[in-house]
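J.: First, the structure itself, so that you have it in front of you.
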Amino acid sequence: MTELLKRPLTQLVNLESPLSLSQYISEGGYQGASKALHEYSPKQVLDLVSNSGLKGRGGAGFPTGMKWGCVPMFADNDDKAPEFKYLVANADEMEPGTFKDRYLLEGVPHQLVESMIIGSYTMAANRGYIFLRGEYHLAAKRLQQAIDEAYQHNWLGKNIQGTQFSFDLYVHTSAGRYICGEETALINALEGRRAIPRAKPPFPQMSGLFGKPTVVNNVETLSNLPHILKHGAAWFKALSPDSDSGTKIYAACGRVKTPGLWELPMGTTIREILYQHAGGMADGLKLRGLLPGGASTDFLLPEHLDTPMDFDSIAKAGSRLGTGGLIVLDDKSCPVAMVLNLIKFFAQESCGWCTPCRDGTPWAVEVLTRIENGRGRKEDLDSLHNLCDFMWLGKTHCALAPGAVEPLKSALRYFLDDFEQHIDHGCCSYKQSTNQQTKLKGHCHG
Amino acid sequence: MKSDVLSMENISTVTIDYRQYLSTTEVAAIEHEVSIMETREAAGIEALKIIQEHRGWVSDDSLYAIADLLNMPEAELEGVATFYNLIYRQAVGQFVIHLCDSVACHLTGYEEIYQTIKSYLGIDYGQTTIDGKFTFLTNVCLGGCDKAPSMMVGKQHYQSLTPENVVEILADLAKQESEND
Ligand SMILES: Cc1cc2nc3c(=O)[nH]c(=O)nc-3n(C[C@H](O)[C@H](O)[C@H](O)COP(=O)(O)O)c2cc1C
Ligand code: SF4
Ligand code: FES
């Protein structure tokens, strides 16, 4: 396989100056969209995507073909077919430790435009929005340029490339808040409301934006489409022979030698990502644990290093693939302080709708702050466990609260010693060690 | 507003006619956003951002005028405006610093950067320097975790911060007349 075929998503990325429409076309761009529009029926594209085994890259790993298959289509029943449908690219990317979509948005904006054309053709969507987080100013500018060019060359607008298909695409820049990334909260935000998730059902595919059928997909998920169209489902599956289909943009941050991101076959092991690509731990540090896919995933330990980074394997190891971005904890950073930082984030970003989340996350912050500052009590660990149950799946309207539980609960399990020492010794030994360059575990002075 | 007895006469409601308050450029930009949405209210967030782009922040009067233009209740727009952290409902300085306090930055030196900015500018989160140059705010992960610690000032992202370079960045900005210099 040539390089292009091995790293389809990122091969054409140019962060300095992304490809213009004509440059993108000369590198093979818009061939996927052209093929879909001219050679395939929407149903054929849907079947192709289903057969490719593409799963959502936004965190939940839901099969894309299945998601699209729920959209009521014209062909089913002409009389009852909804006259308007929406496709939304979720470019909110606010999960701490995640920066993969930014790379695609800034580096190859035409790829997303092409992907949106293919997706909208498949579900006969009339209009699309790219829901972009407000802080990504450069991406906003580049996406708008790409959209303008696409309109000029009839890749967007009426009767695209001489076909019957018309599609309008807009960028909506958000005004902040992590919860906007949750797909039903995102829909409320697009309607100009507070970004509170919606109760499901109805699912957005049936009744979403302005009450119309709506599909929300992650940027990386969508970006696979042109390549699946061009090279086929079998090729896509063969990218990662022993695992879920396709490639994945993995990343690593924290105190590792060379933090960054890499497009690799789905199912690459944590060890390969951390040691081969991220260069291992920074000098003088040892690996303590890591969150495999962003802030809302459970910690894994060095013993899990040989786990393939795919949906099932990471789930079997007790965590979630999430966004595929490793957040690495070293042995000189305090796990309690790290968890406190994470839970503060969730408490601040809770939309406040469900009591377990609205009250539980700040409560956990209070308890963790007490422990970290050396004022913890033995009962505090029980309180934290109770809070984890209180906020777990099925008790809230969205996955933010269970997402907060994941790092907390796993930290209580894997780093229990640290929590207990904070309580027993009335201090955080790591704060001492950063001052003195040595770790005085279990002995705090001053 | 001072009132001892809560009765209807004591509640003054304010409405601001957008035609007297908003510029034609602002109205045109907002109407463009309305045109790509199914309802007028749906353009609310973009409208708030447009006004903020022109005026630095969203005052009560601006909010009332936008509500008037979009034909929606002021209270509803206020609910929207206060939900989103990138809408400023108080006056801000010429440069708004958003320092990332999320996990990757936490692990790679956030605390030191925070202390440096705080002592260099003499302000804490939520405050503006007396000369009106800087406002200091936090932000969740800015998507620059591979080059942490990270901050955004205005629309510009700064990465791989150190206590030394962050002071240089702020000193350079302080010399600028406007964000676009
Ligand atoms: C609190 C919360 C935040 C989320 N943030 C994002 C996000 O920033 N980007 C994203 O693609 N998905 C995010 N998701 C997942 C979306 O709800 C949704 O599952 C995803 O966009 C579906 O796309 P996919 O099927 O292509 O993965 C978030 C979910 C939750 C609960
Ligand atoms: S779990 Fe939290 S963020 Fe999600 S809907 Fe409930 S209160 Fe809002
Ligand atoms: S955690 Fe600071 S930029 Fe991501």
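J.: In the range A:354-391, which residues are within 14 Å of ligand 1 (Cβ to nearest atom) and over 24 Å from B:ASP101 (Cβ atoms)?
T.: Once the filter is applied, which keeps residues that are within 14 Å of ligand 1 (Cβ to nearest atom) and over 24 Å from B:ASP101 (Cβ atoms), the range A:354-391 yields only A:CYS354.
J.: Related question: Considering each of A:GLY294, A:GLY260 in turn, give the residue that is within 16 Å of ligand 3 (Cβ to nearest atom), surrounded by fewer than 24 Cβ atoms within 10 Å (Cβ to Cβ) and modelled with pLDDT of 95 or more.
T.: Details: A:GLY294 fails: surrounded by fewer than 24 Cβ atoms within 10 Å (Cβ to Cβ).
That would be A:GLY260, the only listed residue that is within 16 Å of ligand 3 (Cβ to nearest atom), surrounded by fewer than 24 Cβ atoms within 10 Å (Cβ to Cβ) and modelled with pLDDT of 95 or more.
J.: Could you check, for the range B:145-157, whether at least one of its residues is within 14 Å of another protein chain (Cβ to nearest Cβ), closer than 26 Å to A:LEU329 by Cα, open to solvent by 10 Å² or more (accessible area, probe 1.4 Å) and among the charged types (D, E, K, R)?
T.: Yes, there is a match, as at least one residue in the range B:145-157 is within 14 Å of another protein chain (Cβ to nearest Cβ), closer than 26 Å to A:LEU329 by Cα, open to solvent by 10 Å² or more (accessible area, probe 1.4 Å) and among the charged types (D, E, K, R).
J.: To continue, here is another question. Suppose we filter A:THR323, A:THR355, A:THR361 for residues that are of a type in the set (S, T, N, Q) and not assigned by TED's automatic domain parsing to the domain that holds A:TYR430; which single one remains?
T.: Details: A:THR355 fails: not assigned by TED's automatic domain parsing to the domain that holds A:TYR430; A:THR361 fails: not assigned by TED's automatic domain parsing to the domain that holds A:TYR430.
Being of a type in the set (S, T, N, Q) and not assigned by TED's automatic domain parsing to the domain that holds A:TYR430 holds for just one of A:THR323, A:THR355, A:THR361, which is A:THR323.
J.: Which one is farthest from the other protein chains (Cβ to nearest Cβ), of the residues in the range A:178-189 that are more than 8 Å from ligand 1 (Cβ to nearest atom) and either within 13 Å of A:ALA89 (Cβ to Cβ) or buried (at least 24 other Cβ atoms within 10 Å of the Cβ) (or both)?
T.: Filtering first and then ranking leaves A:ILE187.
J.: Same structure, new question: Looking for whichever is open to solvent by 10 Å² or more (accessible area, probe 1.4 Å), in contact (Cβ under 8 Å) with a residue 12 or more places away in the chain and within 14 Å of chain B (Cβ to nearest Cβ) here; the options are A:SER313, A:SER383, A:SER333. Which one fits?
T.: Numbers: A:SER313 fails: within 14 Å of chain B (Cβ to nearest Cβ); A:SER383 fails: within 14 Å of chain B (Cβ to nearest Cβ).
Exactly one residue qualifies, and that residue is A:SER333.
J.: Next up: Go through the range A:176-189 and report how many residues are under 20 Å from A:GLY128 (Cβ atoms) and touching a helix residue (DSSP H, G or I) at 6+ places or on another chain (Cβ under 6 Å). Walk me through how you get there before you give the answer.
T.: Keep residues of the range A:176-189 that are under 20 Å from A:GLY128 (Cβ atoms), which gives A:180-189.
Now drop any that are not touching a helix residue (DSSP H, G or I) at 6+ places or on another chain (Cβ under 6 Å), which leaves A:180, A:185-187, A:189.
Adding up the residues that qualify gives 5.
J.: Since B:ASP172 meets every condition but one in (1) under 22 Å from the mean Cα position of the chain (by Cα); (2) in contact (Cβ under 8 Å) with a residue 12 or more places away in the chain; (3) away from ligand 3 (no atom under 16 Å from the Cβ), which condition does it not meet?
T.: (2)
J.: Do any helices (runs of 4 or more DSSP H) lying entirely in the range B:69-177 carry at least 2 residues that are within 22 Å of A:PHE99 (Cα to Cα), and which ones are they?
T.: Values: elements: B:74-83, B:103-107, B:110-121, B:163-175.
Because the criterion is at least 2 residues that are within 22 Å of A:PHE99 (Cα to Cα), the helices (runs of 4 or more DSSP H) in the range B:69-177 that meet it are B:103-107, B:110-121.
J.: Report the residue count in the range A:180-210 for those that are among the small types (Gly, Ala, Ser) and within 20 Å of the chain's Cα centre (by Cα). Show your work before the answer.
T.: Let us first name the residues in the range A:180-210 that are among the small types (Gly, Ala, Ser), namely A:181, A:185, A:189, A:192, A:195, A:199, A:207-208.
So of that shortlist, the ones also within 20 Å of the chain's Cα centre (by Cα) come out as A:181, A:185, A:189, A:195.
Qualifying residue count for the region: 4.
J.: Give the residues of the range A:84-124 that are part of a loop (DSSP other than H, G, I, E, B) and surrounded by fewer than 24 Cβ atoms within 10 Å (Cβ to Cβ), sorted by residue number.
T.: A:PHE84, A:ALA124
J.: If we scan the range B:113-124, do we find a residue that is in contact with a Ser or Thr (Cβ under 6 Å, 6 or more places away or on another chain), among the aliphatic types (A, V, I, L, M), open to solvent by 20 Å² or more (accessible area, probe 1.4 Å) and touching a residue at least 40 places away in the same chain (Cβ under 8 Å)?
T.: Residues of the range B:113-124 in contact with a Ser or Thr (Cβ under 6 Å, 6 or more places away or on another chain): B:121, B:123.
Applying the additional criterion that residues be among the aliphatic types (A, V, I, L, M) yields B:121, B:123.
Retained after the next criterion (residues that are open to solvent by 20 Å² or more (accessible area, probe 1.4 Å)): B:121.
Then drop every residue that is not touching a residue at least 40 places away in the same chain (Cβ under 8 Å), which leaves B:121.
So far as the range B:113-124 goes, yes, one or more of its residues are in contact with a Ser or Thr (Cβ under 6 Å, 6 or more places away or on another chain), among the aliphatic types (A, V, I, L, M), open to solvent by 20 Å² or more (accessible area, probe 1.4 Å) and touching a residue at least 40 places away in the same chain (Cβ under 8 Å).
J.: Filter the range A:336-353 for residues that are open to solvent by 20 Å² or more (accessible area, probe 1.4 Å) and not in a helix (DSSP H, G or I); which is farthest from ligand 3 (Cβ to nearest atom)?
T.: A:TRP353
J.: Also: Is the range A:118-139 home to any residue that is without any contact (Cβ under 8 Å) to a residue 40 or more places away in the chain and either in contact with a Pro (Cβ under 8 Å, 6 or more places away or on another chain) or among the small types (Gly, Ala, Ser) (or both)?
T.: no
J.: Is it true that B:GLU164 is away from chain A (no Cβ under 11 Å) and open to solvent by 20 Å² or more (accessible area, probe 1.4 Å)? Don't jump to the end; show me each part of the working.
T.: On the way: away from chain A (no Cβ under 11 Å): yes; open to solvent by 20 Å² or more (accessible area, probe 1.4 Å): yes.
Criteria met by B:GLU164.
J.: Counting only residues that are more than 10 Å from chain B (Cβ to nearest Cβ) and away from ligand 1 (no atom under 12 Å from the Cβ), how many does the range A:190-207 have? Can you show your working first?
T.: Residues of the range A:190-207 more than 10 Å from chain B (Cβ to nearest Cβ): A:197-207.
Going one step further and asking which of them are away from ligand 1 (no atom under 12 Å from the Cβ), we end up with A:199, A:201-202, A:206-207.
Residues that pass the stated criteria total 5.
J.: Just a yes or no: is a residue in the range A:355-370 more than 16 Å from ligand 2 (Cβ to nearest atom) and open to solvent by less than 20 Å² (accessible area, probe 1.4 Å)?
T.: The first filter runs over the range A:355-370 and keeps only residues more than 16 Å from ligand 2 (Cβ to nearest atom), leaving A:366-370.
Restricting the remaining residues to those that are open to solvent by less than 20 Å² (accessible area, probe 1.4 Å) gives A:367-368.
There is at least one residue in the range A:355-370 that is more than 16 Å from ligand 2 (Cβ to nearest atom) and open to solvent by less than 20 Å² (accessible area, probe 1.4 Å).
J.: Which of the residues belonging to the range A:274-291 are within 13 Å of chain B (Cβ to nearest Cβ), within 21 Å of the chain's Cα centre (by Cα) and hydrophobic (A, V, I, L, M, F, W, C)?
T.: If the condition is that a residue be within 13 Å of chain B (Cβ to nearest Cβ), within 21 Å of the chain's Cα centre (by Cα) and hydrophobic (A, V, I, L, M, F, W, C), then A:ALA278, A:LEU290, A:LEU291 are the ones that fit.
The values are calculated or read from the model by the stated rules, or taken from the named source; none is laboratory data. None of these values were measured; they are calculated from a predicted model. Glycine gets a Cβ as well: all are built from the backbone with ideal geometry, and neighbour counts include every protein chain shown. Note: accessible area is taken over every heavy atom of the protein model, side chains too, but ligands, DNA and RNA are not part of it. Shrake-Rupley method; radii C 1.70, N 1.55, O 1.52, S 1.80 Å.
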